[in-house]
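The values are calculated or read from the model by the stated rules, or taken from the named source; none is laboratory data. Please read these numbers as outputs of a predicted model, since none were measured by experiment. Note that each Cβ is placed from the backbone with ideal geometry, even for glycine, and that neighbours are counted across all protein chains shown.
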Amino acid sequence: MSGRFLHDLIEDRRGAVAATYALALFALVAVGGLAFDYARLVTVDTELQNAADEAAIAAATQLDQRAGAVSRAQAAVTSYFANSSSSLVNRTLLAHSGQGETSAITGVTFTFYDGYDSANDTFGSATTADADATVVQVSINARQAFFALTPIVGALSSADVAAAAVAGLQSSICKTPPMMVCGPAGQQFPTDADVGKGVLLQPGSSGQWQPGTFGYLDFGNGANAVKALLGGNEGAPVCVGGSTVTAQQGNIASAPDYLNTRFDIYTSSLRPADCASNGDNCPAASTRKDLVRLEEYVFRNIDPAAALPANPGCDADAGNSGYTKPTGVDRVNVTEWTQVPASVGKLEGFPRDDCHNTGTTNSVGTCSGGNFGDGIWGRTAYLDSHPAVPTNLSSRWDIYQWERDNPSSGLQPTLVNDSDAAEVSGCNPQGRGCDVTWKNYCSYPSAIKGTYHPTAKDRRVITVAVVDCSSDTGGAHEFSVKNWMDVFLTEPSFARSTPYTRASQIYAEVIGPATTPGGDNAFQYYGRNKAVLLR
């Protein structure tokens with residue numbers, strides 16, 4: 001071997017790089033595997049967090065503070081994750097690569113709270129009560145990412161990767177009803193047990209809000225806006241952010257007059273002509289009430305030895321301009337409206353709960369619930385006075401609907417005191433005849449003043465915001481809405497002696513949670529609630 005060959009061999013650099021790569025190959029594979037599998041780990045973490053986010057939002061959509069809200073929230077999540085072979089299916093694409101399709105999400109943990117302070121990142125109190133749960137935290141069970149390349153350097157899987165998310169409802173109030181009522185303290189209201197109960201709605205004021213007091217809501221346009229909404233068929237056209245309503249300050253003395261149009265009662269400030277074709281300021285299909293018209297028909301110079309003139313009965317046109325009096329009648333006097341005399345012994349209107357029907361002063365009678373009654377009312381006496389009504393109907397609202405839908409049987413004008421005799425007076429012994437007066441108490445359960453126009457929601461039904469008045473410390477006028485409730489107006493606002501009633505009071509029967517004019521659940525109608533991630 002020549003010296004030249006040895007020299008060339010020593011100086012030859014070909015193949016040196018390959019040797020270097022061979023020596024570095026293990027380290028290069030390890031670094032590349034770590035990068036690839038770290039990206040895989042990040043993807044798993046992202047996918048799990050997405051799953052937690054979606055689960056929290058799904059749960060939050062059910063937190064409407066109604067019965068069953070907590071269980072519905074949990075079911076919404078488990079249904080979202082469910083598939084045909086597992087109660088909870090794997091919602092990640094990469095986390096199961098090391099274990100095939102068996103690596104499903106096997107557990108979701110729920111924690112409900114009554115609030116969340118996003119500014120300070122603090123939760124309220126944990127709760128399982130449907131009426132209080134407004135925020136939910138959903139935690140997905142920890143998982144591992146199984147690596148593809150890193151096992152070359154001895155790492156088969158990542159540490160546990162967990163995910164959690166917090167969600168709640170972001171609220172705004174739309175189509176706001178014109179009234180609010182303070183609900184029973186610390187209770188969900190109304191529940192199924194409250195349906196059919198009478199409510200004596202007393203006007204509230206700053207520092208005196210208590211369960212059963214009511215207030216008109218401030219829409220920013222003063223008293224006129226409130227009155228227009230009370231007489232109208234739609235709520236406020238604007239939406240207000242948040243979940244609170246503001247009570248109108250000061251007394252709106254004429255506000256009940258607008259509610260009374262629903263009973264076909266028009267005061268000097270409201271006329272039948274104010275009834276619009278859309279139903280605003282118009283009477284309901286049934287105006288059944290505890291008030292009647294007194295129609296006095298006076299006959300003059302009647303021979304006391306002759307038969308008395310027949311009772312003309314009730315005439316809806318009596319006393320109107322251009323009215324033609326019945327033959328022989330000299331004068332007609334009409335009093336609108338008055339209570340049915342107790343001596344008559346017939347119930348023309350829907351009475352209050354018995355425990356509210358005993359007050360002779362401004363009190364709540366004997367009701368243990370104060371302004372909230374117990375649903376026990378004079379049903380038997382009412383059915384005796386209205387024998388056409390089916391006896392299987394129990395609530396005033398049920399009976400009202402039957403009478404409304406069967407006008408030929410339930411809504412005919414009625415001479416309430418049909419057994420009363422005529423009054424004879426002024427007889428002259430020198431031969432002049434006597435005055436004969438028929439005093440007729442007439443019930444008109446159908447409109448005789450305004451014109452009935454069909455409306456989407458019965459005019460005797462109003463929606464009120466049920467609010468939490470516990471925050472009233474003497475100056476509060478902004479309240480949190482807990483629910484919306486439909487009530488049946490059983491009687492017009494009217495100053496009565498027995499039971500004692502101020503004209504500013506309202507009496508109603510609980511129908512239940514509010515519905516939309518179309519009859520659907522009103523949770524998203526009055527309160528627009530959108531589920532949002534809070535954390």
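Below, the figures for the structure above:
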quantity	calculated
Residues of the range 115-131 classified as at pLDDT below 85 and of a type in the set (D, E, K, R), total	2
Residue match in the range 328-339 (condition: in contact with a Cys (Cβ under 9 Å, 6 or more places away or on another chain) and acidic (Asp, Glu))	no
All positions within the range 288-305 that are part of a loop (DSSP other than H, G, I, E, B), under 30 Å from THR261 (Cβ atoms) and out of contact with any Pro (no Cβ under 9 Å at 6 or more places or on another chain)	none
Condition check for ALA193: at pLDDT below 90, farther than 19 Å from GLU478 by Cα and not aromatic (Phe, Trp, Tyr)	no
Subset of the range 337-347 [modelled with pLDDT under 90 and at negative phi]	VAL340, PRO341, ALA342, SER343, VAL344, LYS346, LEU347
Those residues of the range 496-517 which are over 16 Å from LEU291 (Cα atoms) and either in a loop (DSSP other than H, G, I, E, B) or in contact (Cβ under 8 Å) with a residue 60 or more places away in the chain (or both), in sequence order	SER504, GLU509, VAL510, ILE511, GLY512, PRO513, ALA514, THR516, PRO517
Within the range 434-451, considering residues that are assigned to a loop (DSSP other than H, G, I, E, B) and touching a Cys at 6+ places or on another chain (Cβ under 7 Å), the one surrounded by the most Cβ atoms within 10 Å (Cβ to Cβ)	GLY450
Test for ARG91: is it crowded, with 16+ Cβ neighbours inside 10 Å, modelled with pLDDT under 65, touching a helix residue (DSSP H, G or I) at 6+ places or on another chain (Cβ under 9 Å) and not in a helix (DSSP H, G or I)	yes
Residues located in the range 343-375, provided they are over 23 Å from ASN260 (Cα atoms) and hydrophobic (A, V, I, L, M, F, W, C)	VAL344, CYS355, CYS367
Enumeration of residues in the range 453-512 that are of a type in the set (S, T, N, Q) and under 28 Å from ALA131 (Cα atoms)	THR463, SER470, SER471, THR473, SER480, ASN483
Subset of the range 319-332 [of a type in the set (S, T, N, Q) and either over 18 Å from ARG300 (Cβ atoms) or modelled with pLDDT of 95 or more (or both)]	ASN320, SER321
Of all residues in the range 246-269 being more than 25 Å from the chain's Cα centre (by Cα) and buried (at least 20 other Cβ atoms within 10 Å of the Cβ), the one that is nearest to GLY222 (Cα to Cα)	TYR266
Which listed residue is closer than 24 Å to SER277 by Cα and either touching a Cys at 6+ places or on another chain (Cβ under 9 Å) or in contact (Cβ under 8 Å) with a residue 60 or more places away in the chain (or both), from VAL238, VAL199	VAL238
Hits in the range 501-532 - residues which are over 13 Å from the mean Cα position of the chain (by Cα) and modelled with pLDDT under 85	GLY518, ASN529, LYS530, ALA531, VAL532
